[in-house]
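The values are calculated or read from the model by the stated rules, or taken from the named source; none is laboratory data. What you are looking at is a predicted structure, and each value in this text was computed from that prediction instead of being measured. Cβ coordinates were reconstructed from backbone atoms using ideal geometry, including for glycine residues, and neighbour counts include every protein chain displayed.
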Amino acid sequence: MSSLNKSPFLRIFLSYLPIIILFFSVFNEFDFNYLELDYFAFNFVHLLIFFWTLRNPDQLGYLAIFFAGIINDVVIGIPIGISSFCYLILCSVTAYIRNITLTPNFMKDWISLLFTILLINSIQVIILDLVFLIKVDYTNYLINSGFTFLFYPIFFIFFNFLNERISYQTND
Amino acid sequence: MAAGRDDFVIAIRSAFLKKKDKQKFSLLTLIILSIFVIVLSNLNFKAIQFVKLGINEVIYRSSHIASIPENKLKEITSKFKSHMDLYESHQKELIKIENSDQLKLQNEFLTAENEKLRELLDESINSEEIFARVLIDKDSPYLKSVVLNKGTKDKVKIGMAVIDDVYLVGQIIEVNYTNSRALLLSDLNSKIPSVLEPDDIQVVVSGTGSNFGTIEHTQIDFKDSFNNKEIIVYSSGLGGLFKPGIPIGKIDDSSNGQINFFSDFTQLNYVKIVSYKFGGEK
């Protein structure tokens, strides 16, 4: 087990895992829509970017996030650049929180996430609806924001575990 | 007070301009770049269109490959659901089969008669069909669309009808070299000129973002005529893109004026992309 922990392959794999998950989710648009549950959708990519840019920004580069946004736009079929812009706004908020926070606190992060996703979803709706005249369902955006906020603690546990493994491997 | 404002400015400046060890670009640079991309993607320069087509081609193919595990999961969920509903659907099918032979003969006669009458009026409708496979079927809450594996190289054009069996499911809104995107009828931006039969009411069928449609733009108070009867919605052909009479969905007592589409948009695997030529059109 200890030899596995010291494996260079595992170290490289773990360090790239957040990026792999990010690109895999934008290509798949991961939100469990195939379950066909009414009024259920959440944005996994927002959670992923929020956590990693807040807690360990070295593992998720801004350039990768920019390209992930471009891919997301093409897959969903909205004008190219909108998701990149929203993801980078999310990064700006996390960078700001990181700068003003001395000791990270889960509850504060969670509350900040709510305001951040409401902000970026509002920006997206404004750009799509008012600039590009593409009709969007406001209820869906609101539901999506709500579930994204509610799911943060679950993914926080998973990402935090992963982050600890990465830190352990890097320090090792 | 001034110190507090200074701290805020420093934090903001640091967030936007400072680069971490492994970051190659600052946030501000990338935000400006993304605004530049948004503006560029809406300009109709040929060079930009080519770049856009290239990006679409690569990403659609990659997304199709990356979606394989999710599609398998979707297939298993669907099979399980269909297995659980087997008895109920079998009973429904039995009732349908009882009437189908009779209806088939009636339909053949009416089709032949209709064709003869159209020839007399010089209003013949010819169609060209292209069979396509659904590459990406993302049931996104924002835009209801599918990506098909046929593009300009197969003579697919914007505005062509997308048909599943005999039912209208959407229209082509974006065409690349080897693939295209079809906007489904359930999307909020979809508007199809239609006719309600048997009352012959002209309407526009609009998507809702959910798995049903609604009726828009009609002056007639049609809802009273819905009582106790089944209304079938067909394309009216008024837009000049689709032929009249393609079945779209139905409104019955239980649907509260909503249109239940005939085709299940979550189960689309193969569809037909159809273009129509009316009368003496070349």
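Annotations for the structure displayed:
- If the condition is being buried (at least 21 other Cβ atoms within 10 Å of the Cβ) and of a type in the set (Lys, Arg), then region B:155-214 contributes only B:Arg181.
- Looking only at region B:41-65, and only at residues there that are outside any helix (DSSP H, G or I) and away from chain A (no Cβ under 11 Å), the one that is modelled with the highest pLDDT: B:Leu43
- With respect to the conditions (1) within 13 Å of another protein chain (Cβ to nearest Cβ); (2) out of contact with any strand residue (DSSP E or B) (no Cβ under 9 Å at 6 or more places or on another chain); (3) among the aliphatic types (A, V, I, L, M); (4) surrounded by 16 or more Cβ atoms within 10 Å (Cβ to Cβ), A:Ile76 falls short on a single one, namely (2).
- Whichever residue in region B:173-184 is in a loop (DSSP other than H, G, I, E, B) and within 14 Å of chain A (Cβ to nearest Cβ) and, among such residues, is nearest to B:Ser210 (Cα to Cα): B:Asn179
- Filtering region A:83-141 to residues that are β-branched (Val, Ile, Thr), within 11 Å of another protein chain (Cβ to nearest Cβ) and either outside any helix (DSSP H, G or I) or in contact with a Phe, Trp or Tyr (Cβ under 9 Å, 6 or more places away or on another chain) (or both) leaves A:Val93, A:Thr94, A:Ile100, A:Thr101, A:Val125, A:Ile127, A:Ile134, A:Val136, A:Thr139.
- The requirement of being closer than 20 Å to B:Leu188 by Cα, in contact with a helix residue (DSSP H, G or I) (Cβ under 7 Å, 6 or more places away or on another chain) and surrounded by fewer than 22 Cβ atoms within 10 Å (Cβ to Cβ) is fulfilled somewhere in region A:102-123, by at least one residue.
- When the criteria are applied in full, A:Pro79 fails the requirement of being within 21 Å of B:Ile10 (Cβ to Cβ) and not in a helix (DSSP H, G or I).
- For region B:186-210, filtering for residues that are closer than 18 Å to A:Ile76 by Cβ and more than 10 Å from chain A (Cβ to nearest Cβ) leaves 1.
- If the condition is being of a type in the set (Gly, Ala, Ser), over 20 Å from A:Phe155 (Cα atoms) and within 13 Å of the chain's Cα centre (by Cα), then region A:62-77 contributes A:Ala64, A:Gly69.
- Total residues in region B:251-275, condition in a strand (DSSP E or B) and of a type in the set (D, E, K, R): 1
- Of residues in region A:142-152 being within 13 Å of chain B (Cβ to nearest Cβ) and among the hydrophobic types (A, V, I, L, M, F, W, C), the one farthest from A:Leu90 (Cα to Cα): A:Ile143
- Options A:Ile143, A:Ile166, A:Ile120; residue that is touching a residue at least 60 places away in the same chain (Cβ under 8 Å) and in contact with a Cys (Cβ under 8 Å, 6 or more places away or on another chain): A:Ile120
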